[in-house]
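To start, the structure itself, in structure tokens.
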Amino acid sequence: MHPVASQGTDHGHSIRLYLLVWGWLFVLSACSYLVDYFHLQGILRWSLILLFMIVKAGLIMAVFMHLAWERLALIYAILAPPIAILIFAAIMTAEASYTFLTRLNVLAGQ
């Protein structure tokens with residue numbers, strides 16, 4: 001038997017942690033619904049919805065997927081690709097807006 005295992009240490013996570021995360025997920029979901037309930041519009045609406053979504057996803061990944069206790073290399077392997085995709089999508093959005101506005105200017109000049 002391994003010496004560490006024979007000491008009776010338990011590396012499991014307490015139910016209190018999971019219940020706390022469930023509570024926070026409930027509160028964040030309620031906040032998301034309140035954004036619609038109060039009829040917030042425009043950039044504030046989408047910023048709040050995205051913020052709540054990202055925080056909930058982070059909680060789920062950290063606790064329920066056990067990423068908070070993993071090695072940093074594994075965390076980077078899981079988180080880096082979606083972050084890169086978001087950055088590339090933002091660059092493509094800026095490029096598309098520039099192209100659209102350039103076409104409008106050219107067509108308006110004819």
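Going through Leu40, Leu34, Leu19 one at a time, which residue ends up being of a type outside the set (D, E, K, R), in a loop (DSSP other than H, G, I, E, B), modelled with pLDDT of 95 or more and over 17 Å from the mean Cα position of the chain (by Cα)?
Only one candidate passes the filter, namely Leu40.
Condition test on Tyr33, is it hydroxyl-bearing (Ser, Thr, Tyr) and either touching a residue at least 60 places away in the same chain (Cβ under 8 Å) or not assigned by TED's automatic domain parsing to the domain that holds Leu19 (or both)? Considered against the rule, which asks whether it is hydroxyl-bearing (Ser, Thr, Tyr) and either touching a residue at least 60 places away in the same chain (Cβ under 8 Å) or not assigned by TED's automatic domain parsing to the domain that holds Leu19 (or both), Tyr33 comes out as no. Only residues that are within 25 Å of Ile78 (Cα to Cα) and of a type in the set (D, E, K, R) were counted in the stretch 23-63, giving 1.
Could you list, in sequence order, all residues of the stretch 65-77 that are surrounded by 13 or more Cβ atoms within 10 Å (Cβ to Cβ) and not in a loop (DSSP other than H, G, I, E, B)? Leu67, Ala68, Ile75, listed by residue number. Please indicate, with yes or no, whether at least one residue in the stretch 80-89 is under 25 Å from Trp24 (Cβ atoms), part of a helix (DSSP H, G or I), at pLDDT below 85 and of a type in the set (Val, Ile, Thr). No, the stretch 80-89 has no match at all. Give the residues of the stretch 52-110 that are of a type in the set (Gly, Ala, Ser) and within 14 Å of the chain's Cα centre (by Cα), sorted by residue number. Hits for the stretch 52-110 are Ala57, Gly58, Ala62, Ala80, Ala84.
The values are calculated or read from the model by the stated rules, or taken from the named source; none is laboratory data. Keep in mind that what you see is a predicted model, and the values were worked out from it rather than measured. Note that each Cβ is placed from the backbone with ideal geometry, even for glycine, and that neighbours are counted across all protein chains shown.
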